[in-house]
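Novice: Got a structure for you, questions after.
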Amino acid sequence: RVFPEVSLLRSSAAGAAPVRGGACRGGMWSAIQGHRSRGALEVLQRRAGPFGAVSWYAAGLAFVGAFAITALGFVAWWALSRFAAQTGVTALAVRSVTKGEGEGESSDDPEWNDKYKTLREAFENLDMEFGLVDPAGPESALEYLAPGRTLLDLPLDFGGSMQVTAHEAQADPGTPPGAPPGTTQEWRVLRFTPAAGTTNLVQSITKICKNPPGIEPAEYMRPECLPLEYTKSLATVIPATLSVLGAPVLPEAVKAIGEKLRILCIGLGGGSVPSFYARRLPNCEVDVVELERSVITAACAGMGCVPNDRLRIYAEDGAAFALKAAERAAEDDSLAYDAVLVDAYDAAGNVPAPLWSEGSDLAKALSKGLLKRRGGIVAANFLPHIDPSPIIGAYRAALSEREPALGFSVTAKGSGNRILVQTCGSAAKDIKSVKVLAERLIAEARKLAEVTRAPFDMPGIAARQIQEW
C-alpha cells in the first residue's frame with residue numbers, strides 16, 4: 001500500500017512472498033532476487049531505493065525527528081529571547097560559585113552577587129510566565145504531615161496548649177532569589193490542642209528559610225508558600241475586594257490616592273497571611289493584634305514570622321485594640337484601616353463572640369470609624385458549619401453610617417472555610433449584584449497575581465462559590 005509498484009511482484013515473481021509496505025530489508029531483497037522482470041526491478045529500485053522500504057521509513061523518521069528538534073530549538077530560542085528581554089542580558093557566562101572553584105564563593109564577589117541576584121530574579125520571572133508549580137501545593141503534604149520534631153510546646157492563657165513542629169523540606173530544594181549560599185528550608189506546623197479532647201487543630205503551616213550562621217534573621221518564612229487553602233483565600237479575597245473598591249492596592253491606585261494600604265488583622269496564628277500582605281503588597285502596612293503571648297512567641301520563634309516597620313504585632317485583646325484605634329481614626333482618617341480581618345480562634349476552633357456578634361466591642365469600633373471614610377471591608381474566616389447570616393448582619397448593622405453595601409462569602413477549596421466579607425463606601429454601593437462583583441474580583445485578582453507573583457491560582461480563588469448574604 002505504501003509502494004503501488006510492488007504489486008507487480010505478485011504475478012511475476014516465482015515462489016516469492018508478497019512484499020508489503022512494512023517488509024523488512026531481508027524480505028524485500030528476497031523478493032527482488034526471485035523476480036525475473038528487470039523492468040519491475042528497475043521501477044522498484046527507482047521508487048524504493050537500494051535499501052527498500054526500510055530506507056523510506058528511516059527517511060520518514062529522520063524527517064519527523066528533524067522537525068521535532070527544530071520545533072524544540074525554536075521554543076528554546078523564544079524562551080531565551082524573552083529571558084534576555086527581561087534581564088537586558090545578551091550574553092550569559094556561567095561561573096562557578098562553589099568554594100575552591102573558579103573565583104571562590106559568591107559572597108566574596110559583590111559584583112557577581114549582584115549579577116547572580118539579577119539572574120535568579122529573572123529566572124523566577126520566566127518561571128512565573130510559564131507557570132510555576134506551587135511550592136506549597138498538595139504534594140507538599142507528604143512532608144509537613146510526616147512525623148517531625150517538636151520545637152515548642154506552650155500553654156495557652158485561656159485554656160489548652162499549642163505546639164510547633166519542624167519537618168524536612170526536600171521536594172522543593174530551591175531557595176528564594178537572593179538567599180545566601182548555604183540556606184536550608186523546613187516546614188513548620190502550628191497546632192492548637194484544647195484542654196479537654198483531642199481536636200489537634202492545625203492552625204498554620206509555613207515554609208521557612210534558615211540562613212547560614214551569622215546572617216540575620218536566622219529564620220524567615222516564605223510568604224508565597226501557603227499550604228492551607230483558606231490562607232490562599234485570605235491572601236486573595238481581601239486585597240482583590242479592596243482593589244475592586246478602589247483602595248491603594250495596585251500601582252495605578254497607589255499613584256492616584258497617594259496613601260498607604262492599611263490592614264488590621266485580629267489573630268496572628270503562624271503569621272503567614274499578614275506576612276503575605278506586608279511582603280507581597282509593596283504599599284501595605286499591617287497591624288496584627290494577638291491575645292495570647294504564647295502564639296506570638298510561636299509565630300516569631302518557630303514559624304518564621306519577622307516583624308518590621310510594615311508588619312507590627314501587638315499583644316492585646318483584639319476588640320479592645322480596635323476600639324482605641326477607632327477613637328484615633330475619628331480624629332485622623334489616615335489612621336483608619338482599609339480592611340479589618342478577623343482570623344482568631346480558641347483552642348477548640350471557635351471564633352470568640354466579641355469579634356463578630358452584634359453589639360460587641362468590634363462592632364462598636366466599626367460604628368465609630370475604624371474603617372476609612374472612603375469605605376473598606378471587614379472580613380472574617382469561619383469554619384464551614386457556621387451560619388454566615390448573623391455575622392454579616394452584625395457587621396452590616398455596625399457600618400450603618402458608612403454606606404454598607406454588598407455582603408458576601410467565598411468558599412476555600414478543600415477545607416470549605418468561608419471567607420465572609422462586608423463592604424461599605426460609595427464605591428461598594430455601585431456594585432449592584434454578586435455576579436458583577438464576581439467578574440470584577442476575578443479581573444482584579446489577575447492583576448494582583450502579577451503584582452504579588454503568587455504561585456497559586458488567584459483568579460480561580462477570588463470568587464469561588466461566591467454567595468450573597
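The values are calculated or read from the model by the stated rules, or taken from the named source; none is laboratory data. This is a predicted model, so every value here is computed, not measured. Glycine gets a Cβ as well: all are built from the backbone with ideal geometry, and neighbour counts include every protein chain shown. Just so you know, the surface numbers come from the protein's heavy atoms only, side chains and all, with ligands and any DNA or RNA stripped out. Shrake-Rupley method; radii C 1.70, N 1.55, O 1.52, S 1.80 Å.
Novice: Could you work out the local net charge near residue 432, counting Lys and Arg as +1, Asp and Glu as -1, over the other residues with Cβ closer than 13 Å to its Cβ?
Specialist: Every neighbour counted, the sum reads 0.
Novice: Within 14 Å, Cβ to Cβ, of residue 193, how many net charges do the neighbouring residues add up to if Lys/Arg are +1 and Asp/Glu are -1?
Specialist: With Lys, Arg at +1 and Asp, Glu at -1, the net is -2.
Novice: What size of dipole, in debye to the nearest 20, comes out for the range 229-326 about its Cα centre when the only charges are +1 on Lys and Arg C-beta atoms and -1 on Asp and Glu C-beta atoms? Before the final figure, lay out the partial values.
Specialist: On the way: 10 positive and 10 negative charges, 50 e Å.
Here the range 229-326 has a charge dipole of around 240 debye.
Novice: Oh, and also: Can you give me the relative contact order of the range 276-426 as a percent, contacts being Cα pairs under 8 Å and 6 or more apart?
Specialist: RCO, the range 276-426: 19 percent.
Novice: What list of ³J(HN,Hα) values in whole Hz, one per residue of the range 462-469 in order, does the Karplus curve 6.51 cos²θ - 1.76 cosθ + 1.60 (θ = phi - 60°) give from phi, with Gly and Pro shown as x?
Specialist: Whole-Hz 3J(HN,Hα) from phi for the range 462-469: 4, 10, 5, 6, 5, 8, 8, 10.
Novice: Take 64, 202 and sort them by solvent-accessible surface of the protein heavy atoms, 1.4 Å probe, largest at the top.
Specialist: 64, 202
Novice: For the charge dipole of the range 339-469, defined by +1 on Lys and Arg C-beta atoms and -1 on Asp and Glu C-beta atoms about the Cα centroid, which residue among 375, 422, 385 has the Cα displaced farthest towards the positive pole?
Specialist: My answer, from the dipole projection, is 375.
Novice: Return a whole-number percent for the relative contact order of the range 230-305, with Cα pairs under 8 Å and 6 or more residues apart as the contact set.
Specialist: 27 percent
Novice: Also, I was wondering about something else. When Lys and Arg each count +1 and Asp and Glu each count -1, what net charge do the other residues less than 13 Å away from residue 149, Cβ to Cβ, add up to?
Specialist: -2
Novice: In debye, nearest 20, what is the charge dipole magnitude of the range 295-430 about its Cα centre with +1 on Lys and Arg Cβ and -1 on Asp and Glu Cβ, if you could check?
Specialist: In total the dipole reaches around 300 debye.
Novice: Let me ask another. Through the Karplus equation 6.51 cos²θ - 1.76 cosθ + 1.60, θ set to phi - 60°, convert the phi angles of the range 228-235 into ³J(HN,Hα) values in whole Hz; use x for Gly and Pro.
Specialist: In residue order, the calculated couplings are 7, 4, 5, 5, 4, 5, 5, 5 Hz.
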